[in-house]
């Protein structure tokens, strides 16, 4: 098998007439940025390899629409073959416009599957009015989508979580779960059968909002959980947006911190052997400098010319897949 990485030609928008208006120029810049960021995530974490069959979980929201859109663009320009299968789970929410996604996917000409399971009734029967439905809904949806991935012979499942989702998850776990734990860009499914990938890991939500508006995706709101205004995730999301408004660049710095972990400066003895620590007499750049004013510049994404499609040998033991957008 070969691992998938990205070239300048693959990431650039498809050729077409020169943009004549400011909005056209901005749209081309946004497309180029999104393709570069998704391509970089795929390369950095070896998300997609030649021969993969990727189940793209489509919820009807802006994030999953954009994920499918960008993956299709990259697929059309990639010299290594991989397949995409768009999958939507119709949870039988009252008023759900069941015709929108099938029609949209049919017009795209992409292989797709609509799975119909009445999880809405189960959630409403099990969860008292006013309580958060996300946990049960997520577990039910996850099990169903594993089954669909198995049936469709997909070895990877792509989720539409973006950079802001990943930061929100980190703070939720820290504030309410007592763990320094985030939402990784790639991991095994909880049943050990698949690899879950998040190609939008480097993408800001505000760019996805702009892209959805530009592409005029037929957005379908989630009435099951979208009306729960007191969700902890929403509160944390509002906090991050307020920080971003008051302190531009803070969100980018925090996201960079997730990629610069120093176990010796935390307190988890399973990650660092504090008990056996002894002086070495050798200067240590990671020594006691707790009160130094240390600043870290966020790593810049490489220019398009620095990224290449390559065909490198990888282990045949790797098996990859993912899950749906909560």
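In table form, for the structure just shown:
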| item | result |
| --- | --- |
| Residue list for the range 108-146, filter: within 17 Å of residue 58 (Cβ to Cβ) and either out of contact with any helix residue (DSSP H, G or I) (no Cβ under 8 Å at 6 or more places or on another chain) or assigned to a loop (DSSP other than H, G, I, E, B) (or both) | 109, 110, 111, 116, 117, 138, 142, 145, 146 |
| So residue 157, is it within 26 Å of residue 102 (Cα to Cα) and under 15 Å from the mean Cα position of the chain (by Cα) | yes |
| Residue match in the range 233-241 (condition: modelled with pLDDT under 90, more than 18 Å from residue 164 (Cα to Cα) and surrounded by 10 or more Cβ atoms within 10 Å (Cβ to Cβ)) | no |
| Top-ranked residue in the range 60-82 [being within 16 Å of residue 203 (Cβ to Cβ) and touching a strand residue (DSSP E or B) at 6+ places or on another chain (Cβ under 7 Å); ranked as surrounded by the fewest Cβ atoms within 10 Å (Cβ to Cβ)] | 72 |
| Which numbered condition residue 208 misses (of (1) touching a strand residue (DSSP E or B) at 6+ places or on another chain (Cβ under 8 Å); (2) buried (at least 22 other Cβ atoms within 10 Å of the Cβ)) | (1) |
| Breaking point among (1) assigned to a helix (DSSP H, G or I); (2) in contact with a strand residue (DSSP E or B) (Cβ under 9 Å, 6 or more places away or on another chain), for residue 92 | (1) |
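The values are calculated or read from the model by the stated rules, or taken from the named source; none is laboratory data. Predicted model only: the values in this text are computed from it and were never measured. Note that each Cβ is placed from the backbone with ideal geometry, even for glycine, and that neighbours are counted across all protein chains shown.
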